[in-house]
1. For 30, 165, give the ranking by accessible area with the largest first, probe 1.4 Å.
2. Would you tell me the accessible area of residue 273, worked out with a 1.4 angstrom probe on the heavy atoms of the protein chains, in Å² to the nearest 10?
3. With springs only between Cα atoms under 10 Å, which of 146, 86, 194 fluctuates most in a Gaussian network model of the chain?
4. Which order do 200, 227, 254 take when ranked by solvent-accessible area (1.4 Å probe, heavy atoms of all protein chains), largest first?
5. Say we join alpha carbon atoms closer than 10 Å with springs in a Gaussian network model of the chain; which of 172, 198, 38 then has the biggest fluctuation?
6. Determine the shape class of the chain: with a ≥ b ≥ c the square roots of the Cα gyration tensor eigenvalues, call it rounded for a/c under 1.5, and otherwise prolate if a/b is greater than b/c, oblate otherwise.
7. Mind grabbing the accessible area of residue 237 for me, 1.4 Å probe, Å², rounded to tens?
8. Indicate the gyration tensor shape class of region 207-278 (rounded, prolate or oblate), computed on the Cα atoms with a ≥ b ≥ c the square roots of the eigenvalues: a/c under 1.5 is rounded; otherwise a/b larger than b/c is prolate and the rest oblate.
Amino acid sequence: MAPNARGACWILLGALSLVMMHALGKDLGKRYDPMQMTFFRCVVSLALVFPFAIRGGLAKLRTRHLKMHIVRSLFGLLAWIAAFYAVARLPLADFTTMSFSMPLFITLLAVPVLGDRGSWQRWLATVVGFAGVVLTARPGAEFQLATLVALAGAFAGACVLMVVKKTPMSETPVAMLFHSNLILAVMLVLPALAVWRTPELVDLLLLVLVGLFGIGAQAGYILAMREGDASALAPFDYVRLIYAGLIGFVLFAEVPDHWSLLGAALIIGSTFYIGRHEGRLARAAAIQ
């Protein structure tokens, strides 16, 4: 398989894990603080990745890029907390649609981070995509803080992917997962204790599942960014809307309204166009 094809497969798996985690977070968010939920996600993920991390010896966990891991963890912390806060207060499909702004933020960040200025077609499609975000936020409706938080989380998620793309290939995906979850767990110990609520057995199992799906999503996106081009892979992420629509309907009896559908169409259309356009440019450059 071509690198972008392999990356697309990882994106599809990571996206499913992410939506499942958000669906659980939507239910648990009614009873637990986002800080505690994020802490559980990090601890469970760390426990899962640790056996793989030490398989080749602890020496392989040493890193020369600790600052990059810390920066990525800080952005990851903002992204996860924002996601747990927003998904508990927005319909699952609406939250997922708002999170689709992440590929659009990637286009913006590619200029200062990757030095990729892009074409006027990409920028026009990005503007159309953000118009879809505005529509999803309900024109004339009462402002919801959760909408702004969801956008902030999407921006933080785009920053995470940019750091992943800039991280040297010498850092293995397992090492990246280990360091990021360890740093996040340490950061969240005191904040989580401050809002701690001892979970019942069923909730404890659900929180463990949040961690399982969280590590699955994290691994999927890291491997995707390692395999393919960020701009080419970004459109595949919108399969999350299909996942979210089905899960939201089955579990929460949520039906997207016309604003959500129109906004999602604009966002998906713009990211799809960006991916196709950038793919044509890459093929043309390879031929030359």
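The values are calculated or read from the model by the stated rules, or taken from the named source; none is laboratory data. Quick caveat, the model's predicted, so the values are computed rather than measured. Don't worry about glycine lacking a Cβ; one is built from the backbone with ideal geometry, like all the others, and counts go over all protein chains shown. Surface accessibility is based on the protein's heavy atoms, side chains included, excluding ligands, DNA and RNA. Shrake-Rupley method; radii C 1.70, N 1.55, O 1.52, S 1.80 Å.
1. The residues order as 30, 165, largest area first.
2. So the heavy atoms of residue 273 present about 90 Å² to solvent.
3. Fluctuation is largest for 194.
4. 200, 227, 254
5. Of 172, 198, 38, the Gaussian network model singles out 198 as fluctuating most.
6. oblate
7. 10
8. Cα axes put region 207-278 in the oblate bin.
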